[in-house]
Amino acid sequence: MSKLIVANWKMNGNINKIKADLITYAKTLSTNQSTVVLAIPTLYLYEASQICKEFNVKFKLACQDISQFSNFGAYTGEISATMMKETNVSYVIVGHSERRAYLNESGSTLLGKIENALLNEITPIFCIGEDITTRNKGGYAEFLIQQLELLTQIKTPFSSLVIAYEPIWAIGTGVIPTLEQISEISKLIHAFVQNYLPHAKITALYGGSVSSKNAQAILDILDVGGVLVGGASLVVDDFSKICLY
Ligand code: PGA
């Protein structure tokens, strides 16, 4: 099965790096089976889409955020889904734990972003994940289900969605859950979708300290449809190895 490999550059990179990396990927990744998605800072998306065309890089693009407000209007600093679509993005990351924590993004904010993305044919990559205290106390399944419940409130019709399990304690720490733990949560995601969103085709990703060393084993898990890669996606050699799965 073709897997979905998403690079989350976060607030990193610059136009020279993007160009250089994409030209390298054009040479090294012509035979990969996986679908590769690059989430780079919004400012560089349009240029990146032009570079992909020019050098025949078969990557899809994602934005790391999108406005909860629709179309156009007096929302200083915001970029709407309609505008984002003009930069040729196919996906948007919504609900990343960094934005939930640093930008105080609440359920209604996330829902607005998801609705606007779907209305503009941008597929949300919805992130869920528990902190270490919740994990250790054992209430992580209930916590994750509560985060997933937001998806049952979506009004815009949709046929596919990406859900990324990103335990907060694994992001940028070098610590990853066991393969059994990752598999358990992927199954939980699939069961939830089957029960509450039976019309949707779901891809369940794992994210948090994915590296060129551990990616293969994670991607081998049957219920895992791909990975969301932060730090390792900034290193061309490492990310190439992950994409060549
Ligand atoms: P990491 O980040 O791979 O650097 O742990 C993943 C993420 O936050 O999406």
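A few notes on this one:
- Once region 153-185 is narrowed to residues that are among the hydroxyl-bearing types (Ser, Thr, Tyr) and within 19 Å of the chain's Cα centre (by Cα), the residue that is surrounded by the fewest Cβ atoms within 10 Å (Cβ to Cβ) is SER159.
- Members of region 186-237 found to be of a type in the set (Ser, Thr, Tyr) and exposed (fewer than 15 other Cβ atoms within 10 Å of the Cβ), listed by number: TYR196
- GLN147 being more than 10 Å from the ligand (Cβ to nearest atom) and either buried (at least 21 other Cβ atoms within 10 Å of the Cβ) or within 27 Å of ALA117 (Cα to Cα) (or both): yes
- When restricted to residues that are of a type in the set (Ser, Thr, Tyr) and part of a loop (DSSP other than H, G, I, E, B), region 38-55 contains 0.
- Test: residue in region 193-203 that is within 16 Å of the ligand (Cβ to nearest atom) and modelled with pLDDT of 95 or more: yes
- Subset of region 129-148 [within 18 Å of the chain's Cα centre (by Cα) and without any contact (Cβ under 8 Å) to a residue 40 or more places away in the chain]: GLU130
- Condition met for LEU219 (under 18 Å from the mean Cα position of the chain (by Cα) and near the ligand (Cβ under 10 Å from one of its atoms)): no
- Verdict on TYR140 being within 16 Å of the ligand (Cβ to nearest atom) and not basic (Lys, Arg): no
- Residue that is nearest to LYS60 (Cα to Cα) [pool: residues in region 4-15 that are assigned to a loop (DSSP other than H, G, I, E, B) and within 16 Å of the ligand (Cβ to nearest atom)]: TRP9
- Qualifying residues in region 80-104 (those that are surrounded by fewer than 20 Cβ atoms within 10 Å (Cβ to Cβ) and not in a helix (DSSP H, G or I)) - the one nearest to the ligand (Cβ to nearest atom): LEU103
- The single condition from (1) surrounded by fewer than 18 Cβ atoms within 10 Å (Cβ to Cβ); (2) closer than 25 Å to LYS201 by Cβ; (3) modelled with pLDDT of 95 or more that LEU38 fails is (1).
The values are calculated or read from the model by the stated rules, or taken from the named source; none is laboratory data. Bear in mind the structure is a predicted one, so any value in this text is a computation, not a measurement. Reconstructed Cβ throughout: ideal geometry from the backbone, glycine too, with neighbour counts over all protein chains shown.
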